[in-house]
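Below is one structure, written out as structure tokens; comments come after it.
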Amino acid sequence: MRPQSKPSDKAALAVQKLKSIGLRATPQRVAILAFLEGNTSHPSAEQIYEALKPDMPSLSLGTVYNTLDELAQRGQLQELAISPNRKHVDPNPKPHYHFLCRVCGRIYDYPGQLHTGNPSGEAKGFKVETYAVYLYGTCPSCSEERS
């Protein structure tokens, strides 16, 4: 398990990452990226906005959306269409499975393996560049509560 980073460490990492991908390190972008660093809750743009707004009154929801779009285009996060109500993001850009609990609504990185064949292989002219697999059901916590 990785030790928790201090907020100043996260901000410094955010500045470094933004510069390395060719984006200006504005205070809003730094705050958004620092919020996402190590975040496994798969937040929506609205959740990010609500979390940052108290300490950054000038932040707009549009800025959050634009920043997330820029980060996704540069391969720094995944946009998740797992929820029917809103789009969520995952700061881990590597392909992996996601699980939405239909009881509590939380999104998890699914730890199991699926036997779906080789998604990177070519079949009848299709060239797979990336993939998303969404799983739906009941998480362990909600399953225990129902027992």
Does region 50-65 contain at least one residue that is in contact with a Pro (Cβ under 8 Å, 6 or more places away or on another chain) and not acidic (Asp, Glu)?
yes
Assess whether Gly22 counts as being surrounded by fewer than 17 Cβ atoms within 10 Å (Cβ to Cβ) and under 17 Å from Gln73 (Cβ atoms).
yes
Region 23-69 - residue that is in contact with a helix residue (DSSP H, G or I) (Cβ under 8 Å, 6 or more places away or on another chain) and among the charged types (D, E, K, R) and, of those, farthest from Leu13 (Cα to Cα)
Glu46
When every residue in region 73-96 that is of a type in the set (Lys, Arg) and within 15 Å of Ile107 (Cα to Cα) is compared, the one surrounded by the most Cβ atoms within 10 Å (Cβ to Cβ) is Lys87
Criterion violated by Val103 - all others in (1) exposed (fewer than 15 other Cβ atoms within 10 Å of the Cβ); (2) touching a Phe, Trp or Tyr at 6+ places or on another chain (Cβ under 7 Å); (3) outside the structural domain of Lys19 (by TED's automatic domain parsing); (4) of a type in the set (A, V, I, L, M) satisfied:
(2)
Can you name the residue in region 71-129 that is over 30 Å from Ser141 (Cβ atoms) and small (Gly, Ala, Ser) and, of all such residues, is modelled with the highest pLDDT?
Gly75
Those residues of region 22-37 which are within 27 Å of Tyr110 (Cβ to Cβ) and part of a helix (DSSP H, G or I), in sequence order:
Ile32, Leu33, Ala34, Phe35, Leu36
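The values are calculated or read from the model by the stated rules, or taken from the named source; none is laboratory data. This one's a predicted model, so the numbers in the text were calculated from it and none came from an experiment. Cβ sites come from the backbone with ideal geometry, for glycine too, and all protein chains shown count toward neighbours.
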